[in-house]
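A.B. asks: Submitted below is the structure of interest, expressed as structure tokens.
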Amino acid sequence: MKRVLAIILGGGAGTRLYPLTKFRAKPAVSLAGKYRLIDIPVSNCINSEIYKIYVLTQFNSASLNRHISRAYMFSQFSEGFAEVLAAQQTPESPSWFQGTADAVRKYLWIFESWDVDEFLILSGDHLYRMDYSLFVERHRSTNADITLSVVPMEEKTASSFGLMKIDNGGRVVDFYEKPKGDALKQMQVDTTTLGLTPEQAQAKPYIASMGIYVFKKQVLIDLLRRHLDQTDFGKEIIPASAKDYNVQAYLFDGYWEDIGTIEAFYNANLALTLQPQPSFSFYHEDAPIYTRSRYLPPSKLMDCHVTQSIIGEGCILKNCRVSHSVVGLRQRIHEDCVIEHSLLMGADYYEPLSESSRHLTRGKIPIGIGEGSIVRKAIIDKNARIGRNVQIVNKENVEEAEREDLGFYIRSGIVVVLKNALIPDGMVI
């Protein structure tokens, strides 16, 4: 795998994940209480022995830069690196990234200088564990110009993805990005050719692109230089290549989830608490997920009732009830609180206990969840200050709302409290 260069696409403004992307790039969004989304593809690369990794990003990249520089420091005796390339304007290229392919094109002068055989193009907002070496080996064994990693898909969600048809040899013969109506029906295929049982094939009659590609080095360079008007891999580059190039499909049969929306992100996090074994597990010794080492103390739980939950490092919970929730780093939950079906992202720093008590006596609100508060079906972003006897329960069952002035949004019925927000005592959401 020394002959492979990985390029992770950090995504655009992350509007589907807003307001979690208000202060950070999409790949820097917190995951499972202690990780960030970018840790998934980077860890998959490391576990696949691919050590040359670039991350392309355009929006709010400060925290992503900081995380990658602190988390992924390779030996000085290897060529290994993980480096962020942020969008920049130059005299030759005065515009920002216009799409996934355009982002790679803008930095092609760096990528083509590497003595490698393949470029591995990855996405920064998917949750999965994959051995990319098997993917690359399939690409080489079929002498493919481009190989796409694909998953079988049910009709309900198929229209959100790029769909394809393949021949008996696995070659892609037709590709359609996010088809609707009749166009969607025309992309149905017999997925038993991929090894599915007749029952599974009936339930999942589509083949969807995961947005993960392997290109021969020169093929990618030629495509990007020849078609300057094509700015996106899924919508333009891949469909246009199926006729003239050997485009192969590689079936991935493990867990894979696109967590680019608030609802999908919320569901994927809470699914990690399921017993006995969640669909995606971080408890995998052969292929661990890496992140930044923080050297935090263990969490302290005093007279708490905790069920089916994940509690991150450095938390202090006192006489509270937590169920089916993920509690992130350094989170403080005070007495008589009830946390249900929620994701608490924690805090970036500790507020000294003496300062917290001073806040209470002065009428100010410390970081954390105040006494007697109830949080249900919510995402609480970092450093939020939730007062006493607050109810974050969406009692009106509102599906969508934007109340940035009050420190929260509602997306798909999920209350999202902003980073650094202050929710006053007794407020009901």
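The values are calculated or read from the model by the stated rules, or taken from the named source; none is laboratory data. Please read these numbers as outputs of a predicted model, since none were measured by experiment. When we count neighbours, we look across all protein chains shown, and the Cβ atoms used for this are built from the backbone with ideal geometry, even at glycine.
A.B. asks: With a cut-off of at least 1 residues that are in contact with a Leu (Cβ under 8 Å, 6 or more places away or on another chain) and at pLDDT below 85, name the strands (runs of 3 or more DSSP E) lying wholly within region 133-216.
C.D. replies: By residue number, 172-177.
A.B. asks: Next up: I need the full set of residues from region 241-253 which are surrounded by fewer than 21 Cβ atoms within 10 Å (Cβ to Cβ) and either touching a Phe, Trp or Tyr at 6+ places or on another chain (Cβ under 6 Å) or at pLDDT below 85 (or both), in order please.
C.D. replies: If the condition is that a residue be surrounded by fewer than 21 Cβ atoms within 10 Å (Cβ to Cβ) and either touching a Phe, Trp or Tyr at 6+ places or on another chain (Cβ under 6 Å) or at pLDDT below 85 (or both), then ALA242, LYS243, ASP253 are the ones that fit.
A.B. asks: Same structure, new question: Can GLU263 be described as under 16 Å from the mean Cα position of the chain (by Cα), farther than 14 Å from ILE40 by Cβ and not assigned by TED's automatic domain parsing to the domain that holds HIS334?
C.D. replies: The answer is yes for GLU263.
A.B. asks: Name the residue that is surrounded by the most Cβ atoms within 10 Å (Cβ to Cβ), counting only residues in region 284-329 that are among the charged types (D, E, K, R) and closer than 19 Å to ARG70 by Cα.
C.D. replies: Among those that are among the charged types (D, E, K, R) and closer than 19 Å to ARG70 by Cα, it is GLU313.
A.B. asks: Going by what's in this entry, would SER209 be described as among the small types (Gly, Ala, Ser) and touching a Phe, Trp or Tyr at 6+ places or on another chain (Cβ under 7 Å)?
C.D. replies: yes
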